[in-house]
Amino acid sequence: MTPMSLDPTVSRRSFALGLAAAAAAPAQSSSLKKIKDLVIYTDDQYYCAFPSVVRRSTGELIVAFRRAPNRRLLGHKGYSHTDPNSYLVLVRSRDNGETWTKDPELIFAHPMGGSQDPCLLQLKDGSIICASYLWTWLDRQAGSKTKASSELGQYVFQGGYLVRSEDGGKTWKGPIYPPPVPASRPVLDAAGKPLPAYNRGSMYQGKDGRVYWVVAYSKDGGTRETDVHLMISADRGDTWTYSSVVATDAKVTFNEASVYETPKGDLVSFIRTANFDDHTVVSRSRDHGKTFEPWQDAGWQGHPHHAVRLADNRVLVVYGYRHKPYGIRARVLDPECTNFKTAEEFVLRTDGGGGDLGYPWAVVLPNRQVLVTYYFQQNDGLRHIAGSLLSY
């Protein structure tokens, strides 16, 4: 969960739109059917959130997520998305999501603070890269002061990093720090150095073998008023080169974003917004990321997004819905993602206990099925990793 997304509250207008949507009972897409919901990982000692999922060539599923102590058990009144003990972990399934390993395996515990939002990408050679970003705790009572551009309460934002596995997630190497986005007003970390690029969202390896990553960066020297930019790696994520602006606006803020390559080679990014009534926007490049066309309002609410190609070349886009009725939603787009404004909305869950949920990530299974993973809670209870099994 990137810095602008810490507060799950919604505007009055958004709240009203949510009520109207609930009353209207959105039509279900005939191409999708929900088979069942399932729990992937839960433990009352931990706050678990922000999953991603990949399917290995062996059929094994790997779900990564951020796990932190359940601070309510330690006397805190609520939950926070910053924690000095938030680590990246994973669980596995060898039966298409029916059962999962009980004890999570550690991906990475950053020595400088709490990590967020592990975003997995399995490359064509079978290796896996995982992007995350870092918050470092400060001792305010000791008079801690830093040169960082962005601080939040007891924490300072330290930007993004990646780790890599060559053995199916058993061991990980890194961290790899991407370069900052070029800017006339650089954003700084605690030591006063330019902030490494970061974002929550899916990377994509194109047909040319390059890895595409839409990252967020500040328009004002902080981390709240951000736009999004494209970084490209030609060496499996070891080094990154800045390419272009994906979406920017004088009033609208763009942040968490996923990128997808269509069969014709267009890059399509699905982007979360602020100051835009939580509308999804879409940005497209027709020249392999050298330039992007002006962003378009999709006309519907929800964030953040993940896009995955189905067996028939259509595209499943999943997203969280932090308005009443709280839950998870999806749309099936045509292969080139041109009908994002008119595609029917499919409602997976409406039984969430508030806005602190969502962040879905999907993976295609055999027999025209899809597993959608996300974090969930009911009645403001324990945050856990859940999923929905769909057919199409």
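Summary of the geometry: region 239-289 and region 93-145, compared by the centres of their Cα atoms, lie 24 Å apart.
Backbone geometry of region 210-216 corresponds, through the Karplus equation with coefficients 6.51, -1.76 and 1.60 at θ = phi - 60°, to 3J(HN,Hα) couplings of 6, 9, 9, 9, 8, 10, 9 Hz, x marking Gly and Pro. Under 5 Å between amide hydrogens, built in the peptide plane, is the criterion, and for LEU310 it picks out VAL315, LEU316 among residues at least 5 positions away or on other chains. Anisotropy class assigned to region 172-282 is oblate, per the alpha carbon gyration tensor with a/c at or over the 1.5 cut-off and a/b no larger than b/c. Phi angles of region 137-148 translate, via the Karplus equation with coefficients 6.51, -1.76, 1.60 and θ = phi - 60°, into HN-Hα couplings of 6, 10, 8, 5, 5, 8, x, 4, 9, 9, 9, 5 Hz per residue; Gly and Pro are given as x. Taking each DSSP H run with n ≥ 4 as -39500 (n - 2.57) and averaging over every residue of the chain yields -1000 deg cm²/dmol at 222 nm. For ILE176, the residues whose amide H sits under 5 Å from its own are LEU162, VAL163, ignoring neighbours fewer than 5 places away on the same chain, with H placed 1.01 Å from N. The HN-Hα couplings worked out from phi for region 361-375 by the Karplus form 6.51 cos²θ - 1.76 cosθ + 1.60 (θ = phi - 60°) are 8, 10, 9, 7, 10, x, 6, 6, 10, 9, 9, 10, 9, 6, 9 Hz, whole numbers, x standing for Gly and Pro. Of all lysines in the structure, those lying under 28 Å Cα to Cα from LYS34, and not within fewer than 8 positions of it along the same chain, are LYS102, LYS324, LYS341. Loop-located trypsin sites (Lys or Arg not before Pro) in region 72-136 (DSSP state not H, G, I, E or B) with no more than 11 neighbouring Cβ atoms inside 10 Å: LYS77, LYS102, LYS124.
Within the straight-line cut-off of under 13 Å between alpha carbons, the aspartates and glutamates reachable from LYS77 are ASP380, sequence neighbours fewer than 8 places apart in one chain being disregarded. For SER258, the amide hydrogen comes within under 5 Å of the amide hydrogens of SER202, PHE270, HIS305, counting only partners 5 or more places away or on other chains and with H modelled in the peptide plane.
Is region 263-392 best put as rounded, prolate or oblate by its Cα gyration tensor, with a ≥ b ≥ c the root eigenvalues, rounded for a/c under 1.5, and otherwise prolate when a/b is larger than b/c, oblate when not? Oblate is the answer for region 263-392, as a/c is 1.5 or above yet b/c matches or exceeds a/b.
Annotation: aspartates and glutamates with alpha-carbon distance below 19 angstrom to LYS145 (same-chain offsets under eight excluded): ASP83, ASP189. Length gained on full extension, ASN275 to LYS170, computed as 0.36 nm times the residue gap minus the Cα-Cα distance: 33.7 nm. Neighbours of PHE376 by Cβ distance under 11 Å: Lys/Arg scored +1, Asp/Glu scored -1, total -1.
Using the Cα gyration tensor of the chain, with a ≥ b ≥ c the square roots of its eigenvalues, what is the shape: rounded (a/c below 1.5), prolate (a/b larger than b/c) or oblate (neither)?
On the way: a/c = 1.21, a/b = 1.13, b/c = 1.07.
It is rounded, given that a/c, with a ≥ b ≥ c, falls under 1.5.
Return a single number: how many Lys pairs in region 169-250, at a sequence separation of 8 or more or on separate chains, have alpha-carbon atoms below 29 angstrom apart.
Numbers: LYS170/LYS207; LYS173/LYS193; LYS173/LYS207; LYS193/LYS219.
Lysine pairs satisfying the spacing and distance rule in region 169-250 number 4.
Read the figures in this text as sums done on the coordinates, not as results from a lab. These numbers were taken from a predicted model, which means no experiment stands behind them. A quick note on method: Cβ atoms are made from the backbone with ideal geometry, for glycine too, and the neighbour counts reach across all protein chains shown.
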